[in-house]
1. I'm told A:Lys123 meets every condition in (1) more than 13 Å from every other protein chain (Cβ to nearest Cβ); (2) modelled with pLDDT of 90 or more; (3) over 13 Å from the mean Cα position of the chain (by Cα) except one. Can you identify the failing condition by its number?
2. If you scan the range B:119-131, which residues turn out to be assigned to a helix (DSSP H, G or I) and out of contact with any Phe, Trp or Tyr (no Cβ under 9 Å at 6 or more places or on another chain)?
3. Only one of A:Val31, A:Val44, A:Val18 is part of a helix (DSSP H, G or I), out of contact with any Leu (no Cβ under 6 Å at 6 or more places or on another chain), more than 14 Å from every other protein chain (Cβ to nearest Cβ) and touching a residue at least 12 places away in the same chain (Cβ under 8 Å). Can you tell me which?
4. Quick one: is B:Ile192 of a type outside the set (Gly, Ala, Ser) and at the interface with another protein chain (Cβ under 9 Å from one of its Cβ atoms)?
5. Given the criterion surrounded by fewer than 18 Cβ atoms within 10 Å (Cβ to Cβ), within 11 Å of chain B (Cβ to nearest Cβ) and without any contact (Cβ under 8 Å) to a residue 40 or more places away in the chain, identify the matching residue among A:Arg90, A:Arg64, A:Arg160.
6. Provide a single number: the residues in the range B:196-226 that are of a type in the set (Gly, Ala, Ser) and not in a helix (DSSP H, G or I).
7. Can you tell me which residue among B:Lys279, B:Lys256 is surrounded by fewer than 17 Cβ atoms within 10 Å (Cβ to Cβ) and modelled with pLDDT of 90 or more?
8. Just to be sure, is B:Arg184 charged (D, E, K, R) and at pLDDT below 90?
Amino acid sequence: MIRLSVVSKRFATGLLAVSGVDLTVEASEIVAVIGPSGCGKSTVLRLIAGLDSPTSGGVHVAGRHVEGPSRSVGVVFQEPRLMPWLSVERNVSFGLHGEETAGPVAEALARVGLEDFADALPKELSGGMAQRTAIARALVTKPPVLLLDEPFSSLDAFTRIDLQEHLLEVWGWYRPTMFLVTHDIDEALVLADRVVVFGGQPGTVEAEITVDLPRPRDRTDLAFHAFQDRAMKELGRSSRDRPDRVRPPGRPPGPPTRDPG
Amino acid sequence: MTQTTTVEPRDQLDPGASAPERNGKSGTPRWVLGLIVPVVAVALWEAGARAGLVSTRLMPAPSDIADTLAGLAADGVLFEHMGSTTARVLVGFVIGATVGTVLGAVTGVSPRFRALFDPTLQALRNIPSIAWTPLFILWFGIFETSKILMIALGVFFPVYLTLSGAIGSVDRRLVEVGRVYGLRPTALVGRILFPASLPTYLIGLRNGLGLGWMFVVAAEFLGASQGLGYLLVDGQQTGRPALIVASIVMFAVLGKLSDRLLAWSGNRLTGWQDGFTPKAPA
């Protein structure tokens with residue numbers, strides 16, 4: 001469903017964010033990308049979303065070359081990014097153009113448990129409710145691909161677990177392909193079929209862990225702990241491999257970070 | 001916590017700012033507090049005039065001013081003057097605000113138009129607009145056209161500057177949501193950029209209106225036969241300070257009323273803002 005082949009992205013500042021990324025996500029698969037901050041995981045998500053274009057390599061979604069944002073790809077950002085002047089209902093219907101809105105909006109709101117808050121304004125919502133509205137907005141068009149960029153990282157632990165459950169319910173609803181960027185190992189292991197460990201500078205795929213645990217997953221389970229240990233080890237290795245975390249802005253990358261392509 | 005809640009109870013919602021503004025303990029409405037200082041000042045002034053402490057020849061007592069206003073109102077002259085001044089401000093405001101809105105929106109949205117127009121407009125802005133008066137009179141004559149264009153020029157700059165700046169500072173992340181949903185440039189302006197800049201734009205409109213009232217005085221000083229500005233000049237030339245102060249009072253009333261009207265209609269459109277609202281003093 002999603003295919004990245006030898007993708008590199010260099011920003012206008014000269015910073016090489018990701019390099020040589022090969023990654024495939026199957027239809028209806030949930031893939032989580034974990035890695036230290038600044039390793040380019042969000043950059044990869046933005047390339048799939050069509051918000052940025054790669055410097056080299058190819059990005060394909062549903063067999064088509066990504067040239068820009070598309071209706072078949074929904075995005076949930078780290079912040080809710082709701083239009084503060086629109087009610088919850090009208091925020092959710094934001095992506096619907098001139099079609100029947102009432103039905104899909106009601107369905108999407110029900111999926112995230114916000115049917116009673118259709119008329120509320122964003123300023124009246126808690127952080128978790130605002131993020132659920134953002135998820136409903138991404139879902140309303142039922143995009144076959146759903147991209148989530150650290151969607152729960154600014155929420156408290158209870159709300160986060162709650163929303164993770166909601167997300168799995170959403171997946172069960174129409175089984176979209178999900179690509180989730182997170183820095184929370186547990187979140188990745190609870191949600192994903194496969195965890196991709198990102199690391200290095202520039203970022204690239206360091207390891208892949210297939211999580212073959214049945215759902216719902218128990219965070220206190222021994223088998224779950226085994227996966228946690230494995231993910232920690234892979235992450236530790238990828239952080240040690242990173243040469244120099246800090247580079248003065250605007251300087252071209254030094255020899256250890258040269259673009260191989 | 002024994003279970004994770006999916007729906008927060010209603011009472012956790014922000015109650016909003018719909019409660020009437022009241023002074024917490026005594027329950028005095030805020031507008032009453034606002035009246036204390038002017039009422040006391042007018043009372044002291046009146047008392048001072050009657051006691052002979054203030055020279056009423058130069059500084060008429062509040063009662064004299066009230067008499068003057070009542071006299072003007074009785075023969076209906078007052079309303080004619082107020083009407084012609086208000087009409088000038090209104091027409092000038094509409095013209096200036098329209099041109100300011102169009103140019104502000106275009107330069108705010110398009111970097112190319114910004115590069116094209118903004119340097120010139122910024123340079124022109126530094127000329128005190130009243131300096132254009134003699135030229136305007138030469139070009140458009142002494143009658144209504146030059147007056148209205150003076151006012152429009154005064155209104156134009158704050159509207160242009162605030163709208164252009166407000167669009168430029170709309171949250172990039174909201175604009176990105178528009179990109180995700182494939183909004184075309186016109187839809188982006190209508191559905192994200194304009195609503196997001198609306199609160200700042202309204203401040204620009206209010207500033208523009210304030211300048212409109214300022215410029216109407218300048219315009220009416222220069223050869224008008226009607227209007228509150230004409231009354232000011234008339235009062236000076238005929239040595240009637242009460243008439244001058246009466247005109248000033250009417251300017252204050254009209255300016256305040258029009259500003260409240262604009263602010264009130266604006267607030268109805270921008271109630272979604274989650275900004276800082278100072279609480280009434282305790």
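1. Only one criterion is unmet by A:Lys123, namely (1).
2. So the first thing to find is which residues in the range B:119-131 are assigned to a helix (DSSP H, G or I), and the list is B:119-125, B:129-131.
Selection gives B:Pro119, B:Thr120, B:Gln122, B:Ala123, B:Ala131.
3. Details: A:Val31 fails: part of a helix (DSSP H, G or I); A:Val18 fails: part of a helix (DSSP H, G or I).
The match here is A:Val44.
4. Working: of a type outside the set (Gly, Ala, Ser): yes; at the interface with another protein chain (Cβ under 9 Å from one of its Cβ atoms): yes.
Yes: the conditions hold for B:Ile192.
5. Numbers: A:Arg64 fails: within 11 Å of chain B (Cβ to nearest Cβ); A:Arg160 fails: surrounded by fewer than 18 Cβ atoms within 10 Å (Cβ to Cβ).
Selected residue: A:Arg90, the only one of A:Arg90, A:Arg64, A:Arg160 that is surrounded by fewer than 18 Cβ atoms within 10 Å (Cβ to Cβ), within 11 Å of chain B (Cβ to nearest Cβ) and without any contact (Cβ under 8 Å) to a residue 40 or more places away in the chain.
6. Start the filter on the range B:196-226 by keeping residues that are of a type in the set (Gly, Ala, Ser), which leaves B:196-197, B:204, B:208, B:210, B:212, B:218-219, B:223-225.
Then keep just the ones that are not in a helix (DSSP H, G or I); that gives B:223-225.
Of the residues in that region, 3 qualify.
7. Working: B:Lys279 fails: modelled with pLDDT of 90 or more.
Checking each option against the conditions leaves just B:Lys256.
8. Working: charged (D, E, K, R): yes; at pLDDT below 90: yes.
Here the answer is yes, as B:Arg184 does meet what is asked.
The values are calculated or read from the model by the stated rules, or taken from the named source; none is laboratory data. The structure presented is a predicted model; accordingly, all values stated were derived computationally and were not measured. Backbone-built Cβ (ideal geometry, glycine too); neighbour counts: all protein chains shown.
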